[in-house]
Amino acid sequence: MVWVRFSCTIAKDPSVLMSPGSDPTLWQRPDSFSRFGKFGGKYVPETLIHALSELESTFLFLATDGDFQRELAGILKDYVGRESTLYFAERLTEHYRRENINNAVAQALLAKRLGKKRIIAEAGAGQHGVATATVCARFCLQCIIYMGAQDMVRQALNVFRMRLLGAEVRGVHSGTATLKDATSEAIRDWVTNVETTHYILGSRQALEKWGGKPDVLVACVGGGSNAMGLFHEFVDDTEVRMIGVEAAGFGLDSGKHAATLTKGDVGVLHGAMSYLLQDNDGQIIEPHSISAGLDYPGVGPEHSFLKDMGRTEYYSVTDEEALEAFKRVSRLEGIIPALETSHALAQLEKLCPTLADGTRVVLNFSGRGDKDVQTVAKYLEV
Amino acid sequence: MSSTKIFQVRGQPLPRFPVRNHRMINTVVCGFPIISHHRVSNVLSRTSGPFLGYVPARTDENPFLRGDSNGRFGKFGGKFVPETLMSCLRDLEDEFNFVLSDHEFQVEFTAALRDYVGRETPLYFAERLTQHYKNIARTTGDGPEIYLKREDLCHGGSHKINNALAQAMIARRLGCSRVVAATGSGQHGVATAAACAKLSLECTVFMGTTDIEKQSSNVLSMKLLGAQVKSVQGTFQDASSEAIRNWVGKLETTYYLPGTVVGPHPSPVMVREFQSVIGKETRRQAKQLWGGKPDVLVACVGSGSNALGLFHEFVRDEDVRLVGVEAAGLGLDSGKHSATLAVGDVGVYHGSMSYLLQDDQGQILRPHSIGVGLEYPGVGPEISFLKESGRAEFCTATDQEAIQACMLLSRLEGIIPALETSHALAILEKLVPTLRDGAKVVVNCSGRGDKDINTLIQRGMPSSLC
């Protein structure tokens, strides 16, 4: 079972391939220059180049290494509890008649292969931090999590969880003391300690269930990991529509949002070329979202690429709409979604009325909302 | 000792109760006399598929009863209730017996367990924990192997949903519009609220004020899931009493959903049956993983639902040791504990006869445990029976030992267990050195510890951890 599908069987000239109107089934993503079209790349200090090359070649090797894949599959099943269910949300469907630990596990195994004993990661909502701390405990690796001081206050329980799992949580006070600053600090650490340190940076069931493919995929987009996790498998299936939902915070016109793909421009942040929220001087704009995990001014290069190619569509949802969706799904299905996931769920309000009867929509229920009950209780006066 | 006889005779529909809008039973139910609940419980296995009433004909000579027709396990159990409740309990028992062999119910339930609850849960080899205990015991061999049955991965965070979902389905079939429940740690409350949301039932959960403070995130979750949470002065035992009073007051429309194996018959049997999926999966998984059975099963015991869920499948396998762990709180001599089987006496409480913590005058004592879900002065009648008959062993772990065990598992395996579960983990320290190399120990990891983070913070973690 290969958790990543690397379509590197076709070696063609990438600049011709990944252009608008070209056949997505022939794209090599990323290409041999680590680009998705013009996005992606390796914008890093020279010190990191060797580490990245080493990482890349080990990764490519492991993608097809039977032993590694078997070990990973075993852990995903017995430790993580995969495969997660594809659940028919009957009451939600009725109403409309109306992603973290996987990545962390694979990367921890990778780090062990590379002989790295020290793991660093950044955290926003804290979920990636918790996932990383979890696997580091499991694999006996030293774990350091960088987290913006502001986020540490918002997500105090997750901070405690990380420490309980044995991780060291370092608060970052620079800049706006949120995710992007934590990421920068983590990168600085990595550059300093690259010898010993590995940096862990943050679709078959359909066939079984109804003998076909989904018609529409929906996922929330912060940095883009859960969305890519769901979308990737289906990129070549052009009849499957893919919808990413970003955080519109207080509204797109308020200036307080995190809708990178809707309102951003192309630039370089954290080592890659992608869309980002920047002002006229190229300074990063402080984003806002009620959900810490979507509160990021950038987005993964592959998303930027798919957007430009017109393969995926991106919309955005406000804090208020996300809270409504949070409440709605809890009441209708008895499942409390994370606030991040609630953004994707909120989009269903606008999406479902436009779809034909019997259309099959698969939404990535990326996380549970236990971490958000305190926040939501304040807003909803529960 | 008589065996259970539940007859569903070919061609004869079971008596239905018109006031509740039951659908008439027109389908023929295969008419095999079902000798014991134990055989019937096979229907709930996911891989064996829907059960159509086949039961191998054999006499029940095994001394371990499944509860006779009055819900007795030896002298324990029974139906010590006011007359008003007797017919209700009979209805319930009939419906329960029916759904056990109803194809439609089984298919729907199996699908919900798979797609909503997220079963089957993994049987996880805890390598680092095994290594840790091996190092302590300093054996030259490989030491015993420790496996965790990951009920913490169920939707809602504990095993409670297995039972809540099934009973909510029964409530709907009985035509009830409203469900009441009582909860200690909040896990049963959350599971019930979730199941009711999913099945469009109104839900009221009673919870003790002390517990509400200690498990506040669960309270918020219940409310978000649409349940009404009513506070009751005291703890779980008081909340249970209030929930039952509320039920009796509105019998026509209300279903009382117990979270554990206490209460008048048929509750203990029902809850155990629905939780027994844990043990069934474990048997299958053990076979796949090492081609055999577990040697020792360990589970924490509050009232006994997760323990029976794991143990029940193996009660007849005399080579499988069953170990239950109760809460010793601040120590058995302190008077502040919940070790019902260790120091309690037999009496009647909440409708059934069982061991309980009572004083010389038969007044119920107030229990204590840091694991709120273990804080109950009674225990399920079937558990009392397993103790009396010597089939299962019971020991205790203190608050402090549970906290240590919680932190150990977090550090070694990256799994934060509930404080209740941590009691089961705590006895591994004493148990493992007594076992032979290669002995397979399965611990029921009954719930996750997210709800306990605040408690752990308050208790103060050692500075080496921060």
>> Looking for something aliphatic (A, V, I, L, M) and within 22 Å of the chain's Cα centre (by Cα) - is there at least one such residue anywhere in the range B:331-338?
In response: no
>> Quick check on my filter: what residues within the range A:315-341 are open to solvent by 30 Å² or more (accessible area, probe 1.4 Å) and away from chain B (no Cβ under 14 Å)?
In response: A:Tyr315, A:Thr318, A:Glu320, A:Glu321
> Does A:Leu230 count as away from every other protein chain (no Cβ under 14 Å) and open to solvent by 60 Å² or more (accessible area, probe 1.4 Å)?
Replying inline: no
>> Being within 12 Å of chain A (Cβ to nearest Cβ) and under 24 Å from B:Lys198 (Cα atoms) is true for just one of B:Glu120, B:Glu127. Which residue is that?
In response: B:Glu120
>> Kindly evaluate A:Glu195 against the criterion of being within 14 Å of chain B (Cβ to nearest Cβ) and surrounded by fewer than 18 Cβ atoms within 10 Å (Cβ to Cβ).
In response: no
>> Quick test for you: out of B:Asp115, B:Asp91, pick the one residue that is open to solvent by 10 Å² or more (accessible area, probe 1.4 Å), at pLDDT below 90, touching a Leu at 6+ places or on another chain (Cβ under 8 Å) and not small (Gly, Ala, Ser).
In response: B:Asp91
>> I'm checking my understanding of the structure. Among residues of the range A:342-381 that are polar (S, T, N, Q) and within 12 Å of another protein chain (Cβ to nearest Cβ), which one is most open to solvent (accessible area, probe 1.4 Å)?
In response: A:Gln374
> Out of all the residues in the range B:286-295, is one or more within 14 Å of chain A (Cβ to nearest Cβ), open to solvent by less than 10 Å² (accessible area, probe 1.4 Å) and more than 21 Å from B:Ile161 (Cα to Cα)?
Replying inline: yes
> For the subset of the range B:186-221 comprising residues that are over 20 Å from the mean Cα position of the chain (by Cα) and of a type in the set (Val, Ile, Thr), which member is nearest to the other protein chains (Cβ to nearest Cβ)?
Replying inline: B:Val219
>> With of a type in the set (Asp, Glu) and more than 17 Å from A:Met162 (Cα to Cα) as the only criterion, which of B:Glu413, B:Glu393 stands out?
In response: B:Glu393
>> Among the residues of the range B:222-256, what is the count of those that are of a type in the set (A, V, I, L, M), within 14 Å of chain A (Cβ to nearest Cβ) and either farther than 19 Å from B:Ala194 by Cα or not in a strand (DSSP E or B) (or both)?
In response: 4
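Table: residues versus (1) within 14 Å of chain B (Cβ to nearest Cβ); (2) over 30 Å from B:Gln285 (Cα atoms); (3) assigned to a strand (DSSP E or B); (4) at pLDDT below 85.
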residue: A:Arg82; (1), (2), (3), (4): yes, no, no, no
residue: A:Leu92; (1), (2), (3), (4): yes, yes, no, yes
residue: A:Glu99; (1), (2), (3), (4): no, no, no, yes
residue: A:Asn103; (1), (2), (3), (4): no, no, no, yes
residue: A:Ala108; (1), (2), (3), (4): yes, no, no, no
>> Give me the residue from the range B:208-232 that is out of contact with any helix residue (DSSP H, G or I) (no Cβ under 8 Å at 6 or more places or on another chain) and hydroxyl-bearing (Ser, Thr, Tyr) and, out of that set, surrounded by the most Cβ atoms within 10 Å (Cβ to Cβ).
In response: B:Thr210
>> Based on this model, can you work out whether B:Leu431 counts as open to solvent by 10 Å² or more (accessible area, probe 1.4 Å) and either more than 23 Å from B:Gly184 (Cα to Cα) or of a type in the set (Lys, Arg) (or both)?
In response: yes
>> Which count do you get for residues in the range B:415-447 that are modelled with pLDDT under 95 and either within 13 Å of chain A (Cβ to nearest Cβ) or under 17 Å from the mean Cα position of the chain (by Cα) (or both)?
In response: 0
> When you go through (1) surrounded by fewer than 21 Cβ atoms within 10 Å (Cβ to Cβ); (2) among the polar types (S, T, N, Q); (3) not assigned by TED's automatic domain parsing to the domain that holds B:Arg283 one by one for B:Thr140, which number turns out not to apply?
Replying inline: (3)
>> Take residues that are within 24 Å of B:Leu428 (Cβ to Cβ) and tell me which of the strands (runs of 3 or more DSSP E) falling wholly in the range B:321-416 contain 2 or more.
In response: B:321-329, B:392-398
>> Quick check on my filter: what residues within the range B:393-426 are more than 22 Å from A:Glu168 (Cα to Cα) and charged (D, E, K, R)?
In response: B:Glu393, B:Asp399, B:Glu401, B:Glu420
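Residue by residue, here is whether (1) modelled with pLDDT of 85 or more; (2) within 14 Å of chain B (Cβ to nearest Cβ); (3) open to solvent by 20 Å² or more (accessible area, probe 1.4 Å); (4) out of contact with any Ser or Thr (no Cβ under 6 Å at 6 or more places or on another chain) holds:
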residue: A:Ile144; (1), (2), (3), (4): yes, yes, no, yes
residue: A:Gln155; (1), (2), (3), (4): no, yes, no, yes
residue: A:His173; (1), (2), (3), (4): yes, no, yes, yes
residue: A:Asp189; (1), (2), (3), (4): yes, no, no, yes
residue: A:Val221; (1), (2), (3), (4): yes, no, no, yes
> Just checking, which of B:Gly302, B:Gly373 is among the small types (Gly, Ala, Ser), open to solvent by 10 Å² or more (accessible area, probe 1.4 Å) and either in the same structural domain as B:Glu420 (by TED's automatic domain parsing) or on the phi > 0 side of the Ramachandran plot (or both)?
Replying inline: B:Gly373
> So, of the residues in the range A:249-282 that are assigned to a helix (DSSP H, G or I) and of a type outside the set (S, T, N, Q), which turns out to be surrounded by the most Cβ atoms within 10 Å (Cβ to Cβ)?
Replying inline: A:Leu261
>> Based on this model, can you work out whether A:Gln28 counts as touching a Cys at 6+ places or on another chain (Cβ under 8 Å) and either open to solvent by 30 Å² or more (accessible area, probe 1.4 Å) or modelled with pLDDT of 75 or more (or both)?
In response: yes
>> Looking at B:Glu108 and the list (1) assigned by TED's automatic domain parsing to the domain that holds B:Gln288; (2) surrounded by fewer than 22 Cβ atoms within 10 Å (Cβ to Cβ), which single condition is not satisfied?
In response: (1)
> Listed residues B:His423, B:His368; which is out of contact with any Leu (no Cβ under 6 Å at 6 or more places or on another chain) and open to solvent by 10 Å² or more (accessible area, probe 1.4 Å)?
Replying inline: B:His368
> Out of curiosity, is A:Leu114 more than 20 Å from B:Ile416 (Cβ to Cβ), open to solvent by 10 Å² or more (accessible area, probe 1.4 Å) and touching a strand residue (DSSP E or B) at 6+ places or on another chain (Cβ under 9 Å)?
Replying inline: yes
> If you take the residues in the range A:31-57 that are touching a helix residue (DSSP H, G or I) at 6+ places or on another chain (Cβ under 9 Å) and among the aromatic types (Phe, Trp, Tyr), which one is least open to solvent (accessible area, probe 1.4 Å)?
Replying inline: A:Phe39
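The values are calculated or read from the model by the stated rules, or taken from the named source; none is laboratory data. What you see is a predicted model; the values in this text were computed from it and never measured. Note that each Cβ is placed from the backbone with ideal geometry, even for glycine, and that neighbours are counted across all protein chains shown. Calculation scope for accessible area: heavy atoms of the full protein, side chains included, ligands and nucleic acids excluded. Shrake-Rupley method; radii C 1.70, N 1.55, O 1.52, S 1.80 Å.
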